[in-house]
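The values are calculated or read from the model by the stated rules, or taken from the named source; none is laboratory data. What you see is a predicted model; the values in this text were computed from it and never measured. As a convention, Cβ positions derive from the backbone with ideal geometry for all residues, glycine included, and neighbour counts pool all protein chains shown. Side chains are part of the model used for accessible areas, which takes the heavy atoms of the whole protein and leaves out ligands, DNA and RNA. Shrake-Rupley method; radii C 1.70, N 1.55, O 1.52, S 1.80 Å.
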Amino acid sequence: MYPATEVKTNPNPAPELAIVNGGAASAAAPPFSFPIGYYDLHPDVSINFQLNRFYGWVGDDSMLTEMREALAGVNDYPAFTKIVLDLGEKALARHEVRKGAYYLRLAEFFLFFSDPRKLPTRQRFVDLLLDHLQIAPSAYSRIPFETGWLPAYRLTPKKPRGTLVVFGGFDSYIEEWLPAALFFREAGYDTILFEGPGQGAALELAHLTMSPEWEKPVKAVLDFFRLDAVTLMGFSLGGGLVIRAAAFEPRVRRVIAYDIMTNALECFLRPMPPQAQKELLDGIDTGNEGAVDKFFTDAMAKSLLLDWMVKLGMHNTGTRTTYAMLKHYQKYETASISSRLTEDVLLMAGAEDHYVPVHQLPDQIATLTHVRSLTARLFTRAEQAQNHCQTGNMGLAFRTMIDWMTSLGPIEILTAG
């Protein structure tokens, strides 16, 4: 078992890690330690997770005190976003740029899509973080894709050990993940982050909605950077999308599912009681659209988690009803294609993930019948890593990935960007 110790990443690389291939030099940002600990900051499980999630990219304990004191009794999104935006402005006024930026992202996360503050707040978060981390404009690319484009960042050390291509999931902005990208770059990996259809700028600015055919955006990225062999990592919903992409894209040689997600529809229905889940599945399978939509209208009024999930799901898929959105996400499963994988695979899961049932880990293991090698890692409460995507100890998750890639040896072929 890996020890639950801090993992440090220094955005100011030593000379031997000078950046090439459109990467980003950094001269000012201080070293960063991914914090350890999952905290009770709010009684709602989903809001509490998001507070811990964004704190995890900051690591300033004053943020815990501020959020606990300001938000503990807040139970509606308008009040929540107003308070968090105010926390962000105060942090920025104190020149606490990293904290202020992630406060803005936290507030924007819960702003409704029709809110005129949403896109400007998103852009401000992106601009602040890129400036704080000293990510040069040359690190950024727009990759042509279908009717729009995919945003990508490439951070490359002088002597890469391999190429790691990363994408997110249901609700991520890839810029949020830049501190982790700096960690992987410092570990020697040519690190490419991108957003596919239904994610971040690809959704909000290029107007591309979510698709289960994830091998298509992966192909576009590998073609654009002229890559022959990569490690492909998807996080959250991306833990299922990465399996799909690897099943059909031969240039993917290693696969990291961070965390696993074998069945997205099950994750959507998980907040409901078992009998309600069964009735909803029956309604979805038999086409009872009216009953499904009515159930969710009533349930969303009682649950912040459901309200957020359904509205975001409809937005990122471009669907108009809950029923249509759920039918869309019914396609996001891995059982039908997992036997096609022949790569080295690392599966990760949190023992107490409130989004993804832990049984999906053995479910995924059972269907990967032709992979070259298979490693599974279950993270526990004792490690403060039991939650979704190891929020509470993300540094341990990143170290696990590095150790796994190192153990496999230099099997990847790099080509110039």
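The table below lists the values:
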read-out: Region 324-417 - charge dipole about Cα centre, Lys and Arg +1 at Cβ, Asp and Glu -1, debye rounded to 20; value: 180
read-out: Overall dimensions of the chain as given by Cα atoms, namely Rg and Dmax in Å; value: 20.3, 62
read-out: Simple Cβ-charge dipole of region 186-275, Lys/Arg +1 and Asp/Glu -1, about Cα centre, in debye nearest 20; value: 220
read-out: For q = 0.19, 0.21 Å⁻¹, Debye-computed log10 I/I(0) when each Cα of region 328-414 counts as one equal scatterer; value: -0.98, -1.10
read-out: Accessible area expressed per residue, region 310-405, with surrounding protein chains retained (probe 1.4 Å, Å²); value: 35
read-out: Dipole of the chain [Lys/Arg +1, Asp/Glu -1 at C-beta], most positive-end residue of 206, 192, 367; value: 192
read-out: Cα-centre dipole for the chain with unit charges at Cβ (Lys and Arg positive, Asp and Glu negative), debye to 20; value: 780
read-out: Local electrostatic count, residue 211, Cβ distance below 15 Å [Lys/Arg +1, Asp/Glu -1]; value: -1
read-out: Accessible area per residue, Å², region 199-292 with all protein chains present, probe 1.4 Å; value: 34
read-out: For region 71-172, with +1 on Lys and Arg beta carbons and -1 on Asp and Glu, the positive-most of 87, 172, 128 along the dipole; value: 128
read-out: Percent accessible area from carbon and sulfur atoms, the chain, protein chains only, probe 1.4 Å; value: 56
